[in-house]
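Bear in mind these aren't lab numbers, they're just calculated from the coordinates by the rules spelled out. Quick caveat: nothing in here was measured; it's all calculated off a predicted structure. Please note: Cβ atoms are built from the backbone with ideal geometry, for glycine as well, and neighbour counts cover all protein chains shown.
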Amino acid sequence: MKDIDTGKDICPFLKKKSDLFGRYLSITKQIKETFKDIEAADLLGLVSERQDCINKIEKVDSSMDKVIKASPKESRDLNESKGLVPDYLSKINGIMESVDLMDKELVVMVKDESETIKAELLNMRNVRHAARGYKKTGDFSPRFLDTVR
């Protein structure tokens, strides 16, 4: 069986994953800033970019899983103490915590915007309903009690 150095084999994947999470963080920051300006056209592109980052991260994870499963158990335990792997993992963890905080802020902002839009739509519906009350119904002319027939 080929001797696999798990630490060396995983480090490129972790670097790529770290870079992807950095890109994910910057896109999340852009989404937050764009949402404040309410530029819906830009939001759609940014959300699709962010989803693309998620897909790439999942591919990197699956590649890392293959490398880890192919390596012998002894090699895994010895090489994780080299320092590179924990450094990458702590960097990724820090980025994920920042993204989590921003995502929570975005959820609150979106809920507030949603409630505002719902209130505006309800108000528009009420105005439209009130206007229907003044609409002329039928083709006959009004009858007045004081007219002579």
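At a glance:
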quantity	calculated
Protection proxy ranking of 21-30, 48-57, 96-105, 114-123 - average other beta-carbon atoms within 10 Å, highest first	21-30, 48-57, 96-105, 114-123
Sorted peptide list for 106-112, 127-133, criterion being average Cβ within 10 angstrom, highest first	106-112, 127-133
